[in-house]
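K.L.:
I have a structure here, written as structure tokens, and I will follow up with some questions on it.
The values are calculated or read from the model by the stated rules, or taken from the named source; none is laboratory data. Computed from a predicted structure; not experimentally measured. Don't worry about glycine lacking a Cβ; one is built from the backbone with ideal geometry, like all the others, and counts go over all protein chains shown. The area values use the complete protein model at the heavy-atom level, side chains included, leaving out ligands, DNA and RNA. Shrake-Rupley method; radii C 1.70, N 1.55, O 1.52, S 1.80 Å.
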Amino acid sequence: MCSLRSWLGLAVGPVVNVFTGAAIGRGWHGHLADGGAVRPAGGNGDDKASWAGPCARGWVAPVNQMLVLRAGQVFDGERALGLAMVVIQDGRISGLDTSGASPPEGAEVVDFGPDACLLPGLIDAHVHLAFDASADVVTSLAACDDGALLDHMAAAAVRALRAGVTTVRDLGDRDYLSLQLRGRFPSTALPHIAAAGPPITTSGGHCWFLGGQAEGETALRAAVAERADRGCDVVKVMVSGGNLTPGSQPHESQYDLAALRVVAGEAHRAGLPAAAHVHGAQAVADAVEAGFDTLEHVTFFTAGGVDADPALLDRIAASGVVVSVTAGSIPAGPAPPPAIAQRMAAIRANHGQMFRAGATMVPGTDAGVTPGKPHDVLPYALRALVEQIGMTPRQALRAATTIAASAIGLGESKGRIAAGADADVLVVRGDPVADIGSITNVQAVFRAGLRAR
Ligand SMILES: [Zn+2]
């Protein structure tokens, strides 16, 4: 039986609300306690009238209803724009105004005030909704049947959304449950989920228990085809061993270059990007050579420490492959596993070197794998990018919005405050472009134009 205790604090309340539609995603009328005064534009009606309508509507977006968000600052995914107004219609951003113009007639206006900043919803490029952030996620997972696991995954996704993470890329579930999850709830109730399904791994290899074991050219081609047929968004391969799986060695490769070429080539033929879990240097080099689109972790594990060839760091930077940085843990939370903790300084030094060499880097928290990484941990990863890798706050914000969106194939719809983009918007108090710490001061979250927090 699955331990519900391990899920306490994982927004059980909000999940109930998702199921009933009772409390969250009620629309954009705003919770005044969170800040954000609501009033109808155009001088008609009063606040009470404006409250009654959306409450009565429930959480289904009325067609043609226009919502305007205002704040003292907007970060559009590239830069800070100062005082601005974001116009939302039918779940998408229809306009961004920095001229100080009045809101369109009839629009519902939420003004978060001069101290607030509107940003694109954040993107976590590497999560595991199926892992429960307990001390032993492998045992927790084994104790859950698929029905219970789906409920836990919904709770995990809601928890992420409420922290402003409006898009997650799930790089390893069991039984393709992340695909079921996004089909089960209205899209506005959860973050947008890009999913890999079970990661492809060797027999008994890293995360074999998720069900993605495949070796040999025929089986690897079939594994990629199955993921494409089921509607996965990305093909994930455990190129090296990992820390989570008993008996697996992170510094050792699981697949050779020829096998990796088969998988990456087959994924690309199917129109899917390929993500490589890589710890050891050989795995990193082979994944770059095979043409993978994102490299996950990139820790350069050896048996006893960390060792990166500077030439390989430069090659990664020059290749354009995206480095998904496994960053972020809750403040004063449990320490990472000893194997990680003792190597962390060296891992971060290499990440910093890659960044200075021009590598494309995005945050991918690996949320769910350890107690220090609950599913709403991404904002702390942005702080880590600044404090440990040397990004400016603006660079870290870009990494988690525009750059992340492009990296996972959603550059057209996500990661920007711009006309045509999905209305996934985070509102924080303070100025995260000046002080990245304010990214955790969440005032409101909108998902496809509906208020989720
Ligand atoms: Zn992972």
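K.L.:
Scan the range 160-195 for residues that are of a type in the set (A, V, I, L, M, F, W, C), part of a loop (DSSP other than H, G, I, E, B), over 12 Å from His375 (Cβ atoms) and at pLDDT 95 or above and report the count. Before you say what the answer is, go through the steps one by one.
P.N.:
Going residue by residue through the range 160-195, those that are of a type in the set (A, V, I, L, M, F, W, C) are 160-161, 163, 165, 168, 171, 177, 179, 181, 185, 189-190, 193-195.
Then drop every residue that is not part of a loop (DSSP other than H, G, I, E, B), which leaves 163, 171, 185, 190.
Imposing the further condition that a residue be over 12 Å from His375 (Cβ atoms) reduces the set to 171, 185.
Now narrow it down to the ones that are at pLDDT 95 or above: 171.
The qualifying residues number 1.
K.L.:
Turning to a different aspect of this structure: Quick one: which helices (runs of 4 or more DSSP H) sit completely within the range 283-376 and have at least 1 residues that are among the small types (Gly, Ala, Ser) and more than 22 Å from Gln249 (Cα to Cα)?
P.N.:
On the way: elements: 310-319, 338-341, 344-356.
In the range 283-376, 310-319, 344-356 are the helices (runs of 4 or more DSSP H) which contain 1 or more residues that are among the small types (Gly, Ala, Ser) and more than 22 Å from Gln249 (Cα to Cα).
K.L.:
Quick one: which of Ala349, Ala357, Ala341 is open to solvent by 30 Å² or more (accessible area, probe 1.4 Å), out of contact with any strand residue (DSSP E or B) (no Cβ under 8 Å at 6 or more places or on another chain) and within 24 Å of Gly77 (Cα to Cα)? Give the steps one after another, and end with the answer.
P.N.:
Values: Ala349 fails: within 24 Å of Gly77 (Cα to Cα); Ala341 fails: within 24 Å of Gly77 (Cα to Cα).
After applying the criteria, what remains is Ala357.
K.L.:
Something else about it: Considering only the range 111-134, state which residues are in contact (Cβ under 8 Å) with a residue 60 or more places away in the chain and more than 22 Å from the chain's Cα centre (by Cα).
P.N.:
Result: Asp111, Phe112, Gly113, Asp115, Ala116.
K.L.:
Give the range 369-414 a look and list any residue that's within 16 Å of the ligand (Cβ to nearest atom) and β-branched (Val, Ile, Thr), or say none. Working first, answer last.
P.N.:
Of the range 369-414, the ones within 16 Å of the ligand (Cβ to nearest atom) are 369-375, 377-378, 381, 404, 407-408.
Within the range 369-414, Val369, Thr370, Val377, Ile408 qualify.
K.L.:
Separate question: So which residues in the range 63-83 are free of Cβ contacts under 8 Å to residues at least 40 places away in the same chain and open to solvent by less than 40 Å² (accessible area, probe 1.4 Å)?
P.N.:
Residues of the range 63-83 that are free of Cβ contacts under 8 Å to residues at least 40 places away in the same chain, as a first pass: 63-64, 81-83.
Within the range 63-83, Gly82 is the sole residue that qualifies.
K.L.:
Is it true that some residue in the range 329-345 is under 22 Å from Ala367 (Cβ atoms) and hydroxyl-bearing (Ser, Thr, Tyr)?
P.N.:
yes
K.L.:
Checking the structure you have, find out if any residue of the range 298-317 is within 15 Å of the ligand (Cβ to nearest atom) and more than 14 Å from Gly352 (Cα to Cα). Please lay out each step first, then the result.
P.N.:
Residues of the range 298-317 that are within 15 Å of the ligand (Cβ to nearest atom), as a first pass: 298-299, 301.
Among the residues that remain, those that are also more than 14 Å from Gly352 (Cα to Cα) are: 301.
Yes, the range 298-317 contains at least one residue that is within 15 Å of the ligand (Cβ to nearest atom) and more than 14 Å from Gly352 (Cα to Cα).
K.L.:
When the residues of the range 114-140 are filtered to those that are surrounded by fewer than 22 Cβ atoms within 10 Å (Cβ to Cβ) and within 24 Å of Pro363 (Cβ to Cβ), which remaining residue is nearest to the ligand (Cβ to nearest atom)? Let's see the steps before the verdict.
P.N.:
Residues of the range 114-140 that are surrounded by fewer than 22 Cβ atoms within 10 Å (Cβ to Cβ), as a first pass: 114-115, 134-140.
Checking which are within 24 Å of Pro363 (Cβ to Cβ) leaves us with 134-135, 137.
Details: Ser134: 15, Ala135: 17, Val137: 11 Å.
Applying the filter and picking the extreme gives Val137.
K.L.:
Here is a further query. For the range 235-272: of the residues being part of a loop (DSSP other than H, G, I, E, B), surrounded by 17 or more Cβ atoms within 10 Å (Cβ to Cβ) and aliphatic (A, V, I, L, M), which is modelled with the lowest pLDDT?
P.N.:
Per the criteria, the residue is Leu244.
K.L.:
Scan the range 430-450 for residues that are open to solvent by 40 Å² or more (accessible area, probe 1.4 Å) and out of contact with any Gly (no Cβ under 7 Å at 6 or more places or on another chain) and report the count.
P.N.:
Here is the first cut: in the range 430-450, the residues open to solvent by 40 Å² or more (accessible area, probe 1.4 Å) are 431, 434-435, 440-441.
If we keep only those that are out of contact with any Gly (no Cβ under 7 Å at 6 or more places or on another chain) too, we end up with 431, 434-435, 440.
Adding up the residues that qualify gives 4.
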